[in-house]
Amino acid sequence: MSEVISKFGLLYRDNLHTVVGIDIEDDSFKGRVPFGAKSIDDNVFSGTSYEAFSIPDSVKQVGFNLFENCANAVSIRLPGGLSELTPYMFSGCKKLVKISMPNVVTEFPEGLFMNCASLPEVPFRTDIAYIGAKAFLGCASLENVVFPETIQVIEHQAFALCTGIESLVIGSGVAEIADDAFAGCTSLCHIRLAEDNPYFELNEAGCVVRKEDGKTVIWLASSQKTEVSFINEEPEETTEKIAIWQDDAEGDGAEEDDMFSAEIGAGDEEALAMGVVPEPVAEPEVTVDELPAEEPVVEVTESEVEPEQEEEVQEEVQDQDEDQVSSILNQNTTASESEIPSSVTVSLDELASVVDTMNAENGTYTEDAAERKLQNRNMNVLCENVGFSVIQDVPSKGLPATTSELYVFAESLVENADGTRTVTPKLKKCCEALANIHDLKKIIYLAELPVDNEEFLMFLANTLKHQHVLVACEASNPDNLSEYSKKICQAAQISMDRNEIVDQRKKAGIKNPGTIKLIVQDKK
């Protein structure tokens, strides 16, 4: 056996050619391996607290689990001549954001970046052909993944539980995708697949289906399997609910007024949503192998509004009949009704450069002002490219939140006496109550969107990412949800997770709780 030598705070053998460990009695090593070493053994740096590592170009081979669980590591430089990465090499490096990859690598092996929760992007190289099992499992910061044309195989749970992934671009060379490769990607709302891919295709819902057997291998978030079910039980008679929605607990027929009631369950779940906190509901245990399924829809019915008794809501929502609401709408809105265009006239690249352009033209722009102007432009572009739009200005009682608009997407419209079209009166009143509670300045009603236009859907998703959104659909259950409503929900990133639905209902009754994403059934 070769003699072990301590130098530079490291332990070497083979004439200083192989790094076998760190000398705990010498603190001179700070993360940079001196030039000259040719290989590094398994686990040499695993579990250490260094914030940065640099491996010299003299190193041609490294062992397994080399940086595993280096919880403080932010950046790692690998040698340009390294031709093979090893399993679980960076697994558990939760703060890793920068990685300098070798020039020629053909595989991402098993567990390579598993649970690297801060990794901002996949460090692809043009020769990568194989992505191993669990290679990026739990990389929650990944948002957009574009696979090079060289990618051929994506293995078991390769991107499972990457909850931040929103879009995928898959080329024609991908021949194998494991059934659970993207399990638990709960934000995935857009997939682009090369039309000439001989092995996979997109179904009507936008999910990736294997041509050979018709099996779905990548699910969009709105189509993922979940334990959420539709429950239409009556609430307990003794349960008092005080919030923006209230059911008729006695069952004696509440009068029609300006609010809906969101029914996703009864009893404790309903009380939680209404701000009355009962015993906590146990969260379902999430496993990697579960593929989330049907979209739950929150049914809304008519109900009576009562003033909120908690501090979050200070003012009583005023009852108004349909004539009063119509009068307010006519005084405070501007409408744009036109035919649906065949394409969107403003490019995404142009929209993305708005802030830079403004700063170049006027150095006095603040970041907040630039963001506000960008939001206003996105709103105007959106209104110009749909079949129906109405912008309602809402008098504010105080300082609104940064996001001061509510985007409302209606599946159905009604006709006024003068022949003009509008959303249903109950939907108007529901939205006005939400605006009243959250001190919002505008309600943007939209309908007849060109959802078959891919560029439009990408623009819509970008516009709605940090906005309050309410989708009003005709369906009362997931089986009946139209493709039109599904695409809007996907773009709006409305989660169909059971706990998140309850949480969103609770947020709706609390002033400025964060971004609200709701889906309701709109009954005429």
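Per residue, the accessible area of region 133-230 comes to 40 Å² when a 1.4 Å probe rolls over the protein heavy atoms.
Cβ-Cβ distance of Lys441 and Ser412, R₀ of 22 Å, FRET efficiency by 1/(1 + (r/R0)^6): the value works out to about 0.25.
The simple spin-label model puts a point 7 Å past each Cα toward its Cβ; for Ala71 and Ser39 those points are separated by 3.2 nm.
Given R0 = 45 Å, the distance between the Cβ atoms of Lys60 and Thr216 translates into a calculated FRET efficiency of 0.60. Taking packing as the residue-averaged number of other Cβ atoms within 10 angstrom, the listed peptides 23-31, 97-105 run from highest to lowest as 97-105, 23-31. Charge dipole of region 154-208 (Cα centre as origin; +1 on each Lys and Arg Cβ, -1 on each Asp and Glu Cβ, all else neutral): 180 debye, rounded to the nearest 20. Per-atom-type breakdown for region 1-136 gives carbon and sulfur 47% of the accessible area (1.4 Å probe, protein chains only). Straightening the chain between Leu16 and Glu454 buys 151.9 nm, computed as 0.36 nm per residue apart minus the Cα-Cα spacing. For the cross-link pairs Lys98/Lys134; Lys465/Lys486; Lys7/Lys98; Lys465/Lys487; Lys428/Lys507; Lys426/Lys507, the ones whose C-alpha atoms lie over 26 Å apart are Lys7/Lys98. Note on surface exposure: Asp418, Asp213, Asp180, Asp393 rank Asp418, Asp213, Asp393, Asp180 by accessible area, highest first, 1.4 Å probe.
Full extension of the segment from Glu3 to Glu176, taken as 0.36 nm per residue of separation minus the current Cα-Cα distance, would add 57.6 nm.
Peptides 193-199, 137-143, ordered by how many other C-beta atoms sit within 10 Å of their residues on average, highest first, read 137-143, 193-199.
Note on Glu51 and Ser167: the extension gain reaches 38.7 nm, defined as 0.36 nm multiplied by sequence separation minus the Cα-Cα distance. Is the shape of region 46-184 rounded, prolate or oblate, going by the alpha carbon gyration tensor and its root eigenvalues a ≥ b ≥ c, with a/c under 1.5 for rounded and a/b larger than b/c for prolate? Oblate, because a/c is 1.5 or more while a/b does not exceed b/c.
The values are calculated or read from the model by the stated rules, or taken from the named source; none is laboratory data. Quick caveat, the model's predicted, so the values are computed rather than measured. Cβ coordinates were reconstructed from backbone atoms using ideal geometry, including for glycine residues, and neighbour counts include every protein chain displayed. Areas reflect the complete protein model, heavy atoms only, side chains present, ligands, DNA and RNA absent. Shrake-Rupley method; radii C 1.70, N 1.55, O 1.52, S 1.80 Å.
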